[in-house]
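J.: Dumping the structure here so I can ask a few things about it.
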Amino acid sequence: MSNRQIIIIGNPNCGKTTLFNDLTGAHERVANYVGVTHGIQNGSFLDNFGQKTTVYDLPGTYGLSVGTSEEREIFDLLYHSGEQTRLLCVLDARSLERSLFLGTQLLELGLPICFAVHFSFRLQKQGHMLDKASLERVLPAPVIYLSSRTAVRRRQLRDVVTRDLFEKTNNFHISFPNKGEKLRDELAEKINLSSGWCGLLLLQDCAQRKAFTTEHEERFVQTEDALNQTVTNWKTQATTARYRWIENVVSQCIRHVSGQHSSFDWDRVFLHPFWGLVTMGMIAFSMLLTVFTLSEYPMRLCEWGIEALQGGLKAWLPDTWWRSLLIEGVLGGSGNVLLFLPQFVLVIACLGILENTGYLARVMFLLDRWMKKIGLSGSSFVALVSCYACTVPGIMQTRCVANRQERLTTLFVAPWVNCASRVPIYLLLISLLFKDMTPCGKTLLVIAIYLTGLAAALALAAVIRTFFFKTRGSVSVAEVPPLLSPQWTYILKLMRAQTLFFLRKAGTVVLACSIILWLCLHAKITRSGETVDCVHWVGEKLEKILKPIGFDGNLGIALLSSFDARENFISTLGVLYNADAKEPGCLREYLQQAKDAEGKPIYSFATCVSLILFFMFSLQCIGTLMLVKAEAQTWHLPLLQFIFMNGFAYALCFVVYQILR
């Protein structure tokens, strides 16, 4: 038997990725707001009989159309599905009417399908009850009701796949007016395609449909013309008929439960035009304050441990090249990056809590009105907010933006939203600026940096939409999910995954960069009768370019290494200063004591401010450039991005440094 394929499909934020993780054992990201899954994910597992099954997790969609790139991917996957394809349609019990719109479209395709009702256990909290017998009676396909317990839910899903509880529904049709059914069926017979697919393709716009009907587009156009002449407003009638059927089903299956008392409606505060903004500021401040307060103690412990280990190795090991490599290259490089692991993980955990509870979706809704004024939609803001954790998923999130010009604008400005990997650099520089600053002060400064980056990105987007892409932005329709308590098991898994990610990066990319840098420091070249190492020779060249903005050769080398990974900036400085140090110490102390040839502090107030601004506005991530090229399908956009952002950062730093010096 050929490999069986299970396609998990449903509305946004209905729990599809949770089911995908349950079946495949994967750890794909989940959150309590729409648009988390971008692109089609796939995995596999063995059912109870040992048969391999491939599972596809599709991005959320409210209906089968070909508007955005993600919708076209979904449509294409279903259109070219084979005999072994099965559909697992996830119905959200909390919004059954909206879920059934997609469900009825899938029923008309005639593919083997099973409905999985999710969140039925939460429906009663809203004062409703689901009549399971009525739902099973009206839906012409098997229905299962998923448990809230992971182990039970996983067993339910495996049983559905193992027993192949999927049924075809070839005779289910509700979308067309009676007079139009004959024309649709005649078209299906002529091109050897099911009536369900023909009806669905006829409802699409002609320009968007051509990719799927190239050979038969002329017949589709003829049928569409005949429908326009035969049935008045046939597309509207088809949609109305579908909603009437759905309303009838919902009226039979949803029962109101008396005696239910709802708790305080927090959305009256979170979505209020004024108090919502106040609450948002208080939550951001309290979370970052918690991060800086809790991370201070493990950071000091790591700092003490690295210094003790460097001192011990220097005392115990003979004075050889490999001792120097361990102390200066490995511990001086990767060791200084590990100091910031607690802060990085706690920032990610806080973002995970905001996503998991549904509060982040409310922030997007609250700020949507401001996005419209600059020509962007809520979908663009979702992508920009996703960049706070990492720019890469934020860029992939732009696939949800239907308007291409709006999508290109979002891609262009996304790097100005500060990602989590920049936080350790900001904190290091803030500690140099203000040695005895309290956690409250650090919190306010980091919030100011974050808000400045976001404001700059939105301002740049407004300029682009005003002078270059003047077409109107797409309309974004998104739901506000219910407020939920954090799933602490998921938060802990997220922290564990991000810790492993950070350690892998520190143990591979950062470590390799540190070792290569150490080797270059000990590789000597002769220039004009003088012997110098390769690194300082390159640093001298870079210093001539960077000196007007306050950076010396060491900072030039560190900035150059950060194009591969921003964490390399800290590790490079660690290697450079450990190589010149007489006694082991922490990077912060080295930077505070660093002097130039005239005896002045290298990391002065003007230099630190200039460096913060450079990291805020420059584009230093090779991965981001490659991904923008892939998403935009051209090199023009990333090259323009690289030149503009780095040029802007240099010019801004030049002005600020010359004023502050």
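J.: With 13 Å as the cut-off, how large is the P(r) tail for segment 51-121, expressed as percent of Cα-Cα pairs? Walk me through the numbers on the way to the answer.
T.: Working: 1694 of 2485 pairs.
Result: 68 percent of Cα pairs exceed 13 Å.
J.: Towards the positive end of the charge dipole of the chain, with charges on Cβ (+1 Lys, Arg; -1 Asp, Glu), say which of HIS118, VAL347, MET495 has the farthest Cα.
T.: Projecting each Cα onto the dipole axis, the largest value belongs to HIS118.
J.: Starting from the Cα-Cα distance between LYS314 and LEU46, subtract it from 0.36 nm times their residue separation and give me the gain in nm to one decimal. Spell out each step's value before the answer.
T.: Details: separation 268, 0.36 × 268 = 96.48 nm, distance 5.30 nm.
Value of the extension gain: 91.2 nm.
J.: Between helix 423-433 and the chain, what is the angle of the helix's C-alpha long axis to the longest principal axis, kept within 0 to 90° and rounded to the nearest 10?
T.: Here the helix axis deviates by roughly 30 degrees.
J.: Quick one: with all protein chains in place, what share of the accessible area of the chain is carbon or sulfur, to the nearest percent (1.4 Å probe)? Please list the in-between numbers first.
T.: Numbers: 18040 of 30520 Å².
Percent of accessible area from carbon and sulfur atoms in the chain: 59.
J.: What number does the chain give for Rg over Rh if you use C-alpha atoms and the Kirkwood radius?
T.: Numbers: Rg = 29.0 Å, Rh = 28.0 Å.
My calculation puts Rg/Rh at 1.03.
J.: Assuming 0.36 nm per residue, please report the length gained on full extension of the stretch LEU639 to LYS547 beyond their Cα-Cα distance.
T.: Details: separation 92, 0.36 × 92 = 33.12 nm, distance 2.49 nm.
In short, 30.6 nm is gained.
J.: Let me know the shape class of segment 319-444, please: from the alpha-carbon gyration tensor, a ≥ b ≥ c as square roots of the eigenvalues, rounded when a/c is under 1.5, otherwise prolate if a/b is greater than b/c, or oblate. All intermediate terms of the calculation are to be shown ahead of the outcome.
T.: On the way: a/c = 2.72, a/b = 1.98, b/c = 1.38.
Prolate is the answer for segment 319-444, as a/c is 1.5 or above and a/b outweighs b/c.
J.: Assuming a viscosity of 1.002 mPa s and a temperature of 20 °C, what translational diffusion coefficient in µm² per second does Stokes-Einstein assign to segment 304-375, Rh being the Kirkwood radius over Cα pairs? Walk me through the intermediate numbers first.
T.: Details: Rh = 16.0 Å.
Rounded, D is 134 µm²/s.
J.: Now for a separate question. If you stretched the chain out fully between MET129 and LEU301, how much longer would it get, using 0.36 nm times the residue separation minus the C-alpha to C-alpha distance? Display every interim value, and only then the final one.
T.: Values: separation 172, 0.36 × 172 = 61.92 nm, distance 5.35 nm.
Between MET129 and LEU301, full extension yields 56.6 nm more.
J.: Using all alpha carbons of segment 283-322, what is the percent of pairwise distances in each 5 Å bin, ordered from the shortest bin to the longest?
T.: In order of increasing distance, the bins hold 6, 20, 15, 14, 11, 10, 8, 7, 6, 4, 1 percent.
J.: When Rg is the radius of gyration of the Cα atoms in segment 29-149 and Rh is its Kirkwood radius, what does Rg/Rh come to? Please report the intermediate quantities before stating the final value.
T.: Values: Rg = 15.3 Å, Rh = 15.9 Å.
Checking Rg against Rh, the ratio lands at 0.96.
J.: Run the simple label-point estimate for LEU165 and TRP275 please: 7 Å along Cα→C-beta, distance reported in nm.
T.: 4.5 nm
J.: Follow-up question, since we're still on this one. Taking segment 84-240, how much of its Cα-Cα pair set, in percent, is spaced more than 23 angstrom apart?
T.: Numbers: 5813 of 12246 pairs.
Looking at segment 84-240, the distances longer than 23 Å represent 47 percent of pairs.
J.: Please give the direction-averaged projected area of the C-alpha convex hull for segment 89-134, in square nanometres with one decimal.
T.: On the way: hull surface 13.3 nm².
Here the figure is 3.3 nm², rounded to one decimal.
J.: From the square roots a ≥ b ≥ c of the eigenvalues of the alpha-carbon gyration tensor of segment 552-661, which class results: rounded (a/c under 1.5), prolate (a/b over b/c), or oblate? Kindly include the intermediate steps, with their values, before the conclusion.
T.: Values: a/c = 3.56, a/b = 1.65, b/c = 2.16.
It is oblate, given that a/c is not under 1.5 and a/b is not larger than b/c.
The values are calculated or read from the model by the stated rules, or taken from the named source; none is laboratory data. In this text the structure is predicted, and so the values were computed from the model without any measurement. A quick note on method: Cβ atoms are made from the backbone with ideal geometry, for glycine too, and the neighbour counts reach across all protein chains shown. For the accessible areas, the whole protein counts, side chains as well, though only heavy atoms, and no ligand, DNA or RNA atoms are used. Shrake-Rupley method; radii C 1.70, N 1.55, O 1.52, S 1.80 Å.
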